[in-house]
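Beneath this line is the structure, given in structure tokens, with notes to follow.
Any read-out appearing in this document is the output of simple, stated calculations on the displayed coordinates, not a laboratory observation. For clarity, every value in this text was computed on a predicted model and none was experimentally measured. Because the Cβ atoms are built from the backbone with ideal geometry, glycine has one as well, and the counts that use them run over all protein chains shown.
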Amino acid sequence: MTPRVVRIALFLCDTPIPSVLSTHGDYTRIFQALLHQTRPADSEYLLDPYDVVNKMEYPTDSKLKEYDAIMLTGSAASAYSDVPWITKLVSYIARFGDLSTNPNPQLKLIGVCFGHQIIAMALGGTCERTPGARWEIGPTPIKLTQLGKEVFDVEDDELNIQQMHRDYVPCIPSQFHLLASTDTTMNQGMVRFFDSESPTSHDTTQIQILTVQGHPEFTEPIVTEILKARHAMGVVDDATRDDVTRRKDWRNDGHIVVRTVWRILGE
């Protein structure tokens with residue numbers, strides 16, 4: 001019997017800073033490593049990258065029918081910026097919100113950080129700067145809702161997720177359900193089910209959309225390099241840098257998020 005191959009379209013929303021790129025590769029390589037490390041035994045997958053920033057390239061509607069999921073990466077850009085590539089991305093994702101415009105109703109959407117924010121904006125939510133333009137950086141405890149504990153299949157009330165943002169989604173769009181929060185960011189993750197009225201479903205394959213504000217693909221060395229660069233630019237102040245440095249070796253539960261993605265994809 002030929003094994004099923006999970007097919008994912010990876011929407012590349014940025015290029016890592018040079019020091020990360022030279023050591024860890026681009027986001028295709030970073031996500032490849034993450035998926036490979038967390039995949040269930042004998043699971044196979046294909047990851048097709050699309051440069052939605054510089055080339056503004058997207059799979060055609062016929063090509064979309066070959067995919068199990070679209071995954072949107074993080075970005076240093078702001079999801080609310082009025083620039084052509086972001087406007088096109090929001091419009092493209094908006095089609096998946098309604099059966100009448102959805103080219104592949106069985107497709108799953110996975111959003112990470114900027115991807116989380118784009119999906120929110122495309123499907124009825126908003127994105128803005130955090131109050132006081134406060135950064136969340138490094139391994140950060142997120143408080144899980146009861147649904148969050150069920151979706152991530154954990155008993156603890158918190159997960160530690162790597163963060164790198166100061167924009168956030170301040171509300172829960174219609175038909176979505178909250179997974180986690182922090183004091184700074186109320187919406188740290190959300191899901192929408194195919195049957196949007198059934199948020200208590202324990203069948204993760206019935207999740208159509210999963211988004212997280214954090215970065216499950218980031219490791220401590222990646223976060224440290226970005227922090228170093230943003231502090232040198234004066235974007236991150238000394239106090240924030242020192243606090244992140246203090247926490248840099250805290251437990252990182254990003255693998256739990258990615259294993260949930262695999263379950264959503266039926267693996």
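Numbers at a glance
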read-out	value
Cα-based equivalent ellipsoid, region 19-131: semi-axes from gyration tensor eigenvalues, Å	23, 20, 13
Gain in span if fully extended, GLU66 to LYS228, counting 0.36 nm per residue against the direct Cα distance	54.3 nm
Phi-based couplings in Hz for region 245-256 (Karplus 6.51, -1.76, 1.60; Gly and Pro marked x)	4, 4, 9, 4, 9, 5, 4, 10, 9, x, 5, 5
Loop-located GluC sites (Glu not before Pro) in region 1-104, at most 15 other Cβ atoms within 10 Å (DSSP)	GLU57, GLU66
Cα-based Rg and Dmax for the chain, where Dmax is the largest Cα-Cα distance (Å)	17.4, 57
CD proxy at 222 nm, helix term only [per DSSP H run n ≥ 4: -39500 (n - 2.57); per residue of the chain; nearest 500]	-9000 deg cm²/dmol
Relative packing of 161-172, 252-263, which averages over residues the other C-beta atoms within 10 Å, highest first	161-172, 252-263
Trypsin sites (Lys or Arg not before Pro) lying in DSSP loop within region 42-110, provided at most 13 other Cβ fall within 10 Å	LYS55, LYS65
Relative contact order %, region 5-264, counting alpha carbon pairs below 8 Å whose residues are six or more apart	19
